[in-house]
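Here the structure is laid out as structure tokens; the discussion comes afterwards.
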């Protein structure tokens, strides 16, 4: 009975870890899509994609939390290559998301400056010296 429970947990563990990889991969892809959209001037779409990215990151974090809870409850959480791979995906997605947010803000600022220059060229010439 205990061996069967252990095998069930091992299968559940693999499923949980794979879910972290999938959610983190989705978050990373959404963040990069958001940067591409912002680069095209589609800032509203970029913001929407970042919101989807946040939702995927939240799901990845919930998976991590479930593994921590499982370990605290005495179920073994193996530190194997699959787990390391999942953690790499989650950390990479977090980094890409943070950078994407910063890049989008910079792009929005650059677009605003260009729009201001088009609307008020006399002021921009004065600032340029």
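Rule-based calculations on the coordinates, nothing more; no lab input. Keep in mind it's a predicted model, so treat the numbers as computed, not measured. Counting neighbours? That spans all protein chains shown, and the Cβs are built from the backbone with ideal geometry, glycine included.
Which whole-number percent is the relative contact order of the range 2-103 (Cα, under 8 Å, 6+ apart)?
Numbers: 99 pairs, mean separation 42.1, N = 102.
Across the range 2-103, relative contact order equals 41 percent.
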Seminar exercise, completed: Distance in nm between residue 19 and residue 3 label points, each 7 Å along Cα→Cβ, equals 2.8 nm
For this session: Distance between Cα centroids, the range 86-109 to the range 4-36: provide it in whole Å.
Result: 18 Å
For this session: Arrange the following residues from fewest to most other Cβ atoms within 10 Å of their Cβ: 79, 94, 18.
Result: 79, 18, 94
Problem set entry | Modelled FRET efficiency - R0 30 Å, residue 91 with residue 66, Cβ distances, 0.05 increments | 0.95
Problem set entry | Burial order of peptide ranges 45-51, 61-67, 29-35, 8-14 (average beta-carbon count within 10 Å, highest first) | 29-35, 45-51, 61-67, 8-14
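Classify the range 2-103: rounded, prolate or oblate, from the alpha-carbon gyration tensor (a ≥ b ≥ c, eigenvalue square roots; a/c under 1.5 rounded; otherwise prolate if a/b is larger than b/c)? Write down the numbers at each step before the final one.
Details: a/c = 3.38, a/b = 3.15, b/c = 1.08.
The shape class here is prolate.
Per 0.36 nm of contour for each residue apart, how much would the distance between residue 99 and residue 58 grow if the chain were fully extended, relative to their Cα-Cα spacing?
Numbers: separation 41, 0.36 × 41 = 14.76 nm, distance 1.72 nm.
Result: 13.0 nm gained on full extension.
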